[in-house]
Ligand code: HMG
Ligand code: MG
């Protein structure tokens, strides 16, 4: 049976904008966040404490977080390493996200570490975050395919998921980073993971490079996944995944779920979708 209720986490301020070549002002990002909070999203992924050298678009993370705290919303920020976690703690964020590629090749391009080196770095990071009471979202990137290595095995994915579960991840986010997965393999892998980790909340994070992201959301729903990341206007991409396009468009997921009678508690107006799209020079 399909879940009757689904959480959509809008990631457009982070994944949507991180790869945007033209700098978007903090004021415009704040307007996007305000609009999304009014649309009823319970959580929004708003920024990343990454070094501006690697992701210049996220250089205003501190200002964005101060605004989120002022709004009183629940939001997620990316923390690629301990330094990022310290910045996040100083800024008083409620939820952080770590990310590791199941594919070693991708992880090396993305964070300059092997998958195992990143897993080892996660130990003190989780310990400190948990000690401070933070909710930890743990992303596994390249769950099905990798832009550098090609197919990714279940064992490679499980290696990361298992460690995240041991370290105390509050949810595990399954990334089709370069948007190459198809619904059948999404269904199978989600089903296997849900069987192996029955108490772990899984999130689906589908990029739309092959135009299958919405179909992949449906496939994951059939496997019982009931949390999905999506990006308003379909904005986004990862600077370290060449050619990958944005996440599945939030408005498309909401429209599909609404027709299917699945509750999300969210209403996204057309004006917000156009506003989000106006921030990107790529769509
Ligand atoms: P490194 O060069 O190995 O870093 O990069 P390092 O630890 O050696 O530090 C180098 C310098 O950067 C030092 O400064 C650090 O202090 C500084 P220096 O001593 O030279 O003056 N530094 C920082 N400054 C500010 N904030 C920080 C920070 N960290 C170090 N957080 C590193 C390793 C991870 C830092 C780097 O490779 C990196 O940041 N990569 C970017 C990764 C990224 O943001 N990728 C995009 C997001 S992931 C994604 O989009 C996928 C996802 O959507 C899911 C999916 O689709 O699958 C989540
Ligand atoms: Mg992504």
Restricting segment 118-149 to residues that are assigned to a loop (DSSP other than H, G, I, E, B) and under 20 Å from the mean Cα position of the chain (by Cα), the residue that is farthest from ligand 2 (Cβ to nearest atom): 134
Filter segment 142-169 down to the residues that are out of contact with any helix residue (DSSP H, G or I) (no Cβ under 6 Å at 6 or more places or on another chain) and touching a residue at least 40 places away in the same chain (Cβ under 8 Å) and list them by number. 147, 152, 156, 157, 159, 160, 164, 169
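Based on what the data block shows, is residue 240 under 29 Å from residue 25 (Cβ atoms) and within 14 Å of ligand 2 (Cβ to nearest atom)?
In short, yes.
So that you can scan it fast, the table gives a plain yes or no per residue for (1) within 12 Å of ligand 1 (Cβ to nearest atom); (2) closer than 20 Å to residue 266 by Cα; (3) touching a strand residue (DSSP E or B) at 6+ places or on another chain (Cβ under 9 Å):
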| position | (1), (2), (3) |
| --- | --- |
| 23 | no, no, no |
| 27 | no, no, no |
| 33 | no, yes, yes |
| 42 | no, yes, yes |
| 48 | yes, no, yes |
| 52 | yes, no, no |
| 61 | yes, no, yes |
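Take the residues in segment 247-261 that are within 18 Å of residue 186 (Cβ to Cβ) and assigned to a loop (DSSP other than H, G, I, E, B); name whichever of them is farthest from ligand 1 (Cβ to nearest atom).
Within segment 247-261, the match that is farthest from ligand 1 (Cβ to nearest atom) is 260.
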Assess whether residue 125 counts as being more than 10 Å from ligand 1 (Cβ to nearest atom) and touching a helix residue (DSSP H, G or I) at 6+ places or on another chain (Cβ under 6 Å). yes
Taking segment 214-245 and keeping only residues that are within 11 Å of ligand 1 (Cβ to nearest atom) and modelled with pLDDT of 95 or more, one is left with 229, 231
Hits in segment 97-117 (condition: within 16 Å of ligand 2 (Cβ to nearest atom) and in contact with a helix residue (DSSP H, G or I) (Cβ under 7 Å, 6 or more places away or on another chain)): 98, 100, 101, 102, 103, 107, 111
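The values are calculated or read from the model by the stated rules, or taken from the named source; none is laboratory data. The structure displayed is predicted, hence computed values, not measured ones. In this analysis, Cβ positions are derived from the backbone assuming ideal geometry, glycine residues included, and neighbour counts consider all displayed protein chains.
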